[in-house]
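Worksheet: the structure to be examined is printed underneath.
The values are calculated or read from the model by the stated rules, or taken from the named source; none is laboratory data. None of these values were measured; they are calculated from a predicted model. Note that we place each Cβ from the backbone using ideal geometry, even for glycine, and neighbour counts take in every protein chain shown. With ligands, DNA and RNA removed, areas are computed over all heavy atoms of the protein, side chains included. Shrake-Rupley method; radii C 1.70, N 1.55, O 1.52, S 1.80 Å.
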Amino acid sequence: MSSTHSDTHGPARGKRGAGRSTTARRQLWQLRLGGHQPVGMLFVSPYLLYLAAIFVYPLGFAVWMSFHQYFFTAPGVKVDRPFVGLDNYTAVLTDPDVWRSFLNIAVFLVINVPLTVVASLVLASALNQKLRYRSFFRTAYYIPYVTASVAVVGVWIFLFNSNGLVNQALGPLAPDPSWLVNSHLAMPTVAVFVAWKQLGFFVVLYLSALQNVPQELYESAAIDGAGKFRMFRSITIPAVRPATLLVLILATVTGANLFTEPYLLTSGGGPDGATTSPVLLMYQRGLQQGHPDQAAAIGVILVVLITAVSLVYRRFLERD
Amino acid sequence: MKKALLVMLPVAALTLSACGSGGGSDSGGASNDARGPITVWYSNNAQEVAWGKSMVATWNATHPKEKVTAQEIPAGKSSEEVIGAAITAGNAPCLVLNTAPAAVPGFQKQGGLVALDDFPDGKQYLQSRVGDRLSQYASPDGKYYQMPWKSNPVMIFYNKELFKKAGLDAEHPKLASYQDFLNTSRKLVKSGVAKAAIWPAPTSEFYQSWFDFYPLFAAQTGKQLVEDGKAQFASPEGIKAAELWKTMYDEGLAPKESFNGDSFAEGKAAMSTVGPWAVSVYGDKVKWGAVPVPTADGTAGKGTFSDEKSIGMYTSCKNRATAWDVMKFATGKEQDGKLLEATGQMPMRTDLTSAYPSYFASHKDYEAFAQQAEHTIEAPNVPNSVEIWQTFRDAYTKAVIFGKGDLPATLKGAAGKVDKLAEGQ
């Protein structure tokens, strides 16, 4: 690579030198395109095609839509799709419902993400010990994750409606209005539900990270007199930091895409819009109301915000 | 990976620029004179499926070269979304016998619907079948993109057993005026015979207002939600109807929480807003009575929400002459009679009761619905129809169901937004 570099930028400017430079540039381009092992591109090309079809194209199309006046039409119908600049962004950013949906999702993330990280790490640590019925517990925590949301939502409605088991247990301490129709409690209830439902997946991530922590560290710490809590704080938490970053980013990304739970658990974003998420608004604007251009603008804003949050996580957790 | 992505971005950009050209050729040269096989979707409730199969079999028996292939509308959250997606994909059937009028402006904007008055006898057929109510189904461009097919005029069903237990007159319940309705509701709940006097869905979906606010508003005013491009719901009459519901929610006579199931069938609610479909559904399970929706002072209402479904012809259809003939066949007097017999839903005909005298003589329960069917009020056919309903529903949810803010001010604010949306902004 270095010789190619010197060839390209070397002092020779004669005819021979220029020929060598062209060859070098072509080699450099081929190297960039195919890498040191061009056959590798052959193997990864199915994935690249998949990536282009499933990710690059839709994302690019969404960005394009957000800058144009766009609505879905029947094939062959000729309509203008004029460039409207930032009009769609202005429309959604001046809409109080959109702001409220982002605020709702912020409340959701503030509750859901820390709860997910702490609960999954603590549970994974517990399940990493030699326990009786360990396999049973591991399976039990994983089952909600693989069960359809539609099914478990029914159970939560049964638990948290005004006559549900939770309120019956709480008696006079039960909130009024009840959990899912209380504008202060509805989103926290959804956040706890999602944390519970996804816990199994994050426990598995942490379990695999914990199993790579050298046991010698714990043995040395024990010899030095460290207690369980000190070992957890000084060995476990630093050792699983990469997993924590992954959990944080995944929980944030999946949380930001919240749709099914408010749609089903609170009947379309109620009460009074307290659980309306940006993705739920995208569905309403794009599919129900025929404004996919505005829906795309909401989506682009969401992607930018979540990317920024993820970069902050990364910077914060990888600073060492 | 980054390098690979960089290589692929121009490819994506080229593809996008192709998308941006917006459109292509026309819809395949389909004409209103073409004949041949067609496809049809019908509703997925058991009674309509049975009627649909019978209708198609009868047609196919005499039209071997113009065969109809029919199926239930594919499953989805709502038929409107399924149809909207099918229009975009270009695989909508020729006819959908379950097209909601509120969705028609959106489908029309998509270029998905065929104007029925483009057929030589189109306007005349629609007018003769539907009569004066037809004007409610005209699109802003003056054309007709739907055949008004069947209505479910909304009334109040009440549970006679629960009324008796609450010490109320079950044969002549006091439900005509807003005050009567409130007093009766209070007695029902206070007596403990049911958790709710009435339990409409207090949820945020755009169409829920069709079963709480809109029937009362229609009965009081005889107007559509939007008329002449202006929202009507913030009028004194509209505010009065909203205030009735606000009181119902404030006093716990109507719960703010949705019920998972059928609150009326399970005896959790003593009343329900329903169409004639309810007669066969509740049958003998509940001893029910039916009365018109109340008006402010108890005088006879000027109308009620139609809960109507239309038949739409979609532009993906190649054999449109056959589709038009099938549409007329399915809405002819014979098939309308069979639909009435099978489902109890009211065909949108001017001569409904006189056309089927023996049916109404032997089905007294349906007579009241048939009378209501004569003056139904439809969801307005205006641009941004669904967005308008959602705007109204959001304001209603906030001010009426959850009692936040000033009710008249909130409705007036929503009316301002609706006016702009109705202009097509």
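At the listed q of 0.07, 0.09, 0.11 Å⁻¹, the Debye profile of the protein assembly as shown, built from one uniform point per Cα, gives log10 I(q)/I(0) equal to -0.63, -0.96, -1.29.
Interface of B with A. Using a 1.4 Å probe and counting protein heavy atoms only, the two chains hide about 3600 Å² of accessible surface, both sides summed.
One chain, two ends: B:S54 and B:T299. Fully extended at 0.36 nm per residue, the span grows by 84.0 nm beyond their Cα-Cα distance. For segment A:52-187, dividing the convex hull volume of the Cα atoms by the residue count gives 227 Å³ per residue. Computed across segment B:238-349, the Kirkwood radius stands at 17.9 Å (inverse of mean 1/r, all Cα pairs).
As an equivalent ellipsoid, chain B spans semi-axes of 39, 29, 20 angstrom, where each value is the square root of five times an eigenvalue of the C-alpha gyration tensor, largest first. From its DSSP helices (H runs of at least four residues, each -39,500 (n - 2.57)), the protein assembly as shown gives a residue-normalised ellipticity at 222 nm of -16000 deg cm²/dmol.
Counting only GluC sites (Glu not before Pro) that DSSP places in a loop and that have at most 16 other Cβ atoms within 10 Å, the longest clean stretch of chain B runs over B:1-170. Amide hydrogen proximity for B:E72: with H placed 1.01 Å from N in the peptide plane, the residues at 5 or more positions away or on another chain lying under 5 Å are B:Y42.
Leaving ligands, DNA and RNA out of it, report the carbon-plus-sulfur percent of the accessible area of segment A:124-169 at a 1.4 Å probe. For segment A:124-169, the apolar C and S fraction of the accessible surface comes to 64 percent. Prolate is the label for segment B:84-184. Its Cα gyration tensor axes, ordered a ≥ b ≥ c, give a/c of at least 1.5 and a/b above b/c. Burial annotation for segment A:154-201: residues with an accessible-area loss of at least 50 Å² between the isolated chain and the complete set of protein chains, computed on heavy atoms with a 1.4 Å probe, are A:V181.
With one equal scatterer per alpha carbon and no solvent term, the Debye-computed log10 I(q)/I(0) for segment B:289-399 at 0.11, 0.24 1/Å reads -0.54, -1.31. Secondary structure note: in chain B, about 60% of the DSSP beta bridges are antiparallel.
Accessible area per residue for segment A:179-219 is 42 Å², calculated with a 1.4 Å probe on protein heavy atoms, without ligands, DNA or RNA. Largest accessible area first, the listed residues A:D272, B:D33 line up as B:D33, A:D272 when surface is computed with a 1.4 Å probe on the assembled protein chains. Full extension of the segment from A:A222 to A:H184, taken as 0.36 nm per residue of separation minus the current Cα-Cα distance, would add 9.1 nm. Going from the isolated chain to the complete set of protein chains, segment B:109-141 loses at least 10 Å² of heavy-atom accessible area (1.4 Å probe) at B:K109, B:Q110, B:G111. Averaged over the residues of A:284-292, the number of partner chain Cβ atoms lying within 10 Å of the residue Cβ comes to 6. Evaluating 6.51 cos²θ - 1.76 cosθ + 1.60 at θ = phi - 60° for every residue in segment A:158-169, the Karplus couplings come out as 4, 6, 10, 6, 4, 9, x, 4, 5, 5, 5, 5 Hz, glycine and proline recorded as x.
Per-residue Karplus couplings for segment A:39-53, computed as 6.51 cos²θ - 1.76 cosθ + 1.60 with θ equal to phi - 60°, are listed in order as 5, x, 4, 4, 6, 8, 4, x, 5, 5, 5, 4, 4, 5, 6 Hz, Gly and Pro entered as x. Net length available on complete extension from B:E171 to B:A46 is 41.8 nm, with 0.36 nm assigned per residue and the Cα-Cα distance removed. Surface composition of chain B: carbon plus sulfur atoms contribute 53% of the solvent-accessible area (1.4 Å probe, protein chains only, all chains present). Within chain A, the proportion of C-alpha pairs whose separation exceeds 31 Å stands at 53%. Measuring only protein heavy atoms, the 1.4 Å probe finds B:R349 accessible over about 30 Å². Here the Karplus relation 6.51 cos²θ - 1.76 cosθ + 1.60, evaluated at θ = phi - 60°, turns the backbone of segment B:261-269 into coupling constants of x, 10, 4, 6, 5, 8, x, 7, 10 Hz, with x for every Gly and Pro. Cβ-Cβ distance of A:F229 and A:Y133, R₀ of 22 Å, FRET efficiency by 1/(1 + (r/R0)^6): the value works out to about 0.35.
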